[in-house]
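Any read-out appearing in this document is the output of simple, stated calculations on the displayed coordinates, not a laboratory observation. Just so it is clear, the structure is predicted and the values come from calculations on it, not from any experiment. Positions of Cβ are backbone-derived with ideal geometry, glycine not excepted, and every protein chain shown enters the neighbour counts.
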Amino acid sequence: MKFRFLGTAAAEGFPAVFCRCQACEDARRLRGKNVRTRAQALINDDLLIDFSSDTYSHALQNRLRLDEVKYIFITHSHMDHCAMIDLQMRGGAFAHDMQEPLVTVHGNEGVQKHYESVYEGMHPLIRASYQFQSIKAYETVKAGDYEVIPLPARHMSTETPFIYVIEYQGKRIFYCLDTGYPYEEVFAFLKASGYRFDMVALDCTIVDNPCKETATHMNGELCVRVVEQLRENGNIDDETKLFVTHFSHNGNPLQERLETMFAPHGMAVAYDGLEVEI
Ligand SMILES: [Zn+2]
Ligand SMILES: [Zn+2]
Ligand SMILES: [Zn+2]
């Protein structure tokens, strides 16, 4: 199973689109791993998590063939995860010789609303290459060789945002963003499941700024607590690859600074384009 972090910033990007704060100025000067785009990930070559506003640049940067994608799982309808207007470019005069005839987009009711507005604007020929699958928390979805379990995230009140457990050929990952500290019921579900994760990716938007347990994102301290809880539950062990991601400029997420912060906890810091073999 191959996992690629395509975008590792919070909604504003890093450096942020319109910002001149010191952290953003440092990122502009240093570039490299310090430049972060909006959240998205690719599993193998055919399962996309989220369709962020930076999808096109992710394809260019990582030399991706997005016509090979069969499944798209959207976490929630915030614009940095759900900006699907480019789906209208898949087919007709806009794309030739595509590998996959049909793409299934998965998401909650908020995502479906957004999908339908994009679908409305599609040429009828292009519409035929899509289907939408409405998904619900705790209900396992089969997508080819993948098994995906959406779990409720602590992130929005207007819809049920999802964090995902994704299994493929005996390997399992926990994609845990966007969310605040996961609900007790989610930890209980994972404990009861007996799942062992090969990889975990955690929402670390707030970095080392103060953050309550009831907040809708996490800081580093809460990420460390999630890891402790998963370890106590038996969901992870010393072999599990642990990552923090989805950083806001307000947390000054320069790569070197973050690596120093998380190395003592055995956690790695994701950056755009990072590929993980699981
Ligand atoms: Zn986000
Ligand atoms: Zn800034
Ligand atoms: Zn969000």
Calculated [θ] (222 nm, deg cm²/dmol) that DSSP helices of n ≥ 4 give over the chain, each run adding -39,500 (n - 2.57): -6500 deg cm²/dmol
Descending semi-axes in whole angstrom, ellipsoid equivalent of the chain, from the Cα gyration tensor: 28, 23, 17
Calculated Rg and Dmax of the range 31-182 using C-alpha coordinates, Å: 15.0, 45
Highest-MSF residue in the chain out of GLY170, GLY92, GLY121 [GNM, Cα springs under 10 Å]: GLY170
Dmax and Rg, reported as Rg then Dmax, of the range 60-127 (C-alpha, Å): 12.2, 32
Most mobile of TYR181, TYR130, TYR115 in a GNM of the chain (Cα contacts under 10 Å): TYR130
Pairs of lysines in the range 2-272 (C-alpha under 28 Å apart; 8 or more residues apart or interchain): 28
DSSP-defined antiparallel bridges as percent of all bridges, the range 35-160, nearest 5: 35 percent
Cut-off 18 Å (backbone N to label point 7 Å along Cα→Cβ of GLN133), residues of the range 108-125: 108-113, 115-116
For the chain, built as a Gaussian network whose Cα springs stay under 10 Å, the top-fluctuating residue of CYS223, CYS19, CYS82: CYS19
Net charge, TYR168 excluded, C-beta distance under 9 Å - Lys, Arg +1, Asp, Glu -1: -1
At 1.567 mPa s and 4 °C, Stokes D of the range 149-242 from Kirkwood alpha-carbon radius, µm² per second: 98 µm²/s
Nonlocal amide H pairs with ARG36, under 5 Å, H built at 1.01 Å: PHE14
Theoretical gain in end-to-end length, ARG20 to ILE85 [0.36 nm per residue, Cα-Cα removed]: 20.5 nm
Of all DSSP beta bridges in the chain, antiparallel share, percent nearest 5: 50 percent
Listed peptides 210-220, 64-74, 231-241 by packing density, highest first (mean Cβ within 10 Å): 64-74, 210-220, 231-241
